[in-house]
Amino acid sequence: MNKRVVRRLLETFFKRWWLYALPMVLFALVGVAKAGTTHSGFESAGTIDVSNSTVLSQLTTSNQGGNVGFDTPATTTARTVNSLLGTDQFVDSIATQAGLTTALKSGQVTREQLRADLSVTPGGDSLVRFAATTDNPELSSRLAKGAMDSYVQYVVNDNVSESQTAEQFFESQLPTYLQQLQTAQAALADYAAKHPGGSQDQRPLDEQIQIQQLTSAITQAQSQYTTATQKIEEARLSTETAKSDATQKLRVIDEPQTPSAPAPRITKAVTTVIVFMFVGFLLTCGAVVLGSVLDRSLRSADDVEELLQLPVLAVVPDEAKEIHRRDRRHKKKKRGERGDQAEPSRTERPQRPSIAPTGADARRGRGAARTPSADDRSRSSRGSAAVESTTGGSRNGGSSSKELS
């Protein structure tokens, strides 16, 4: 994956990040709601070792299955069992193995409840974990064991179905072949009784031909009967081989035990939330990829060179956003200056009011101290400037007069 693709994916996501993050957030909320409804129960689990090939299958070349692609045998098996749990026949088989047939027929237990109580997950490359969680510890153990036994029986039946079908077919044909053989033998014996004589070479030509035809019929019937018998034996051997091979491929490692304490609720709740968040993350990634594929706009010079196969001579920067941010800062600054002009300065000290002289102070010509105002200071400065200018002029005039004299 080159840098251009990564950049386009990131630009697509951050362009509308709130929209692409919505699936993950929604799935996380659903996971939290689902985790809040989970209840603690007694969990019983068993483990089966799943192998792709066995010594018997290699010797007899009866292994026709196997995982396809990059999935491990455990992943393939877990997917197969979860698919089978969606069928009523497999659930009924589990109920039969667990001894719940009567409860299932009476309605005390439903198929949907059994599906919800069972879970099958891969535990490695060749290990599959069968777990059952119910309010009854004994029922959990029976359900987990029933699911394991039902799947083993399903694999055995699937492997031996062809051989059993062949065995049943030839067994059904065997009486017919035997009757044909017996009929041919009876016809030859009846013809020999009606036409007594010496050996076949000493008989007339027509009798020799007839005897030869009856003998051929017996030989053909005998061959059919013998072939059917051999096929039956081969089918039985194939059935036993398939059963042994399936038993070796599905070896029970851990038998389900009766739990003594309920499973912790927090573990199941956290697992549920993580699973839902992961699904939402996958949807978000898919949406980002789809948005990037459908977006054919040119966002950079690399896009121009890649899509149009043309050289880029110059790039004009897009300053619209920068101008917008600059205008916002300018307006904010002007509003701040207006606010500073409207509010009085906190550091400026208030002026002291002037106080008129009263009493003895007035008669003596004394006045109270008064703080000079701004107007007083300006008049004083103008007066000083005038005095200085007059003095300077006098001095200049004096010097000039001296020079003239």
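Here the Karplus relation 6.51 cos²θ - 1.76 cosθ + 1.60, evaluated at θ = phi - 60°, turns the backbone of the range 232-242 into coupling constants of 5, 5, 5, 5, 5, 5, 5, 5, 5, 5, 5 Hz, with x for every Gly and Pro. Straight-distance candidates among the lysines for linking to K331, with alpha-carbon spacing under 23 Å and chain neighbours fewer than 8 residues away dropped: K321.
In this simple spin-label approximation, D158 and R236 carry label points 7 Å from Cα along the Cα→Cβ vector, and these lie 2.8 nm apart.
By other beta-carbon atoms within 10 Å, ranking V252, V5 with the fewest at the front produces V5, V252. The H on the amide N of I253, modeled in the peptide plane, is under 5 Å from the matching H of T47, I48, D49, each at least 5 residues off or on a different chain. Considering only alpha-carbon pairs that sit under 8 angstrom and 6 or more positions apart, the relative contact order computed for the range 41-263 is 37 percent. Do the alpha carbons of any pairs in K34/K145; K34/K243; K105/K231 sit beyond 30 Å of each other, and which pairs? Correct reply: K34/K243; K105/K231. The HN-Hα couplings worked out from phi for the range 20-30 by the Karplus form 6.51 cos²θ - 1.76 cosθ + 1.60 (θ = phi - 60°) are 6, 7, 4, x, 5, 5, 5, 5, 5, 5, 5 Hz, whole numbers, x standing for Gly and Pro.
With neighbour counts taken as other beta-carbon atoms within 10 Å, the residues K34, K268 rank, fewest first, as K34, K268.
Of V128, V316, V270, V152, the sequence from fewest to most neighbouring Cβ atoms within 10 angstrom is V316, V270, V152, V128.
A short reminder: the numbers here are calculations on the coordinates, not readings from a lab. On a predicted model such as this, the values are computed, not experimentally measured, just so you know. As a convention, Cβ positions derive from the backbone with ideal geometry for all residues, glycine included, and neighbour counts pool all protein chains shown.
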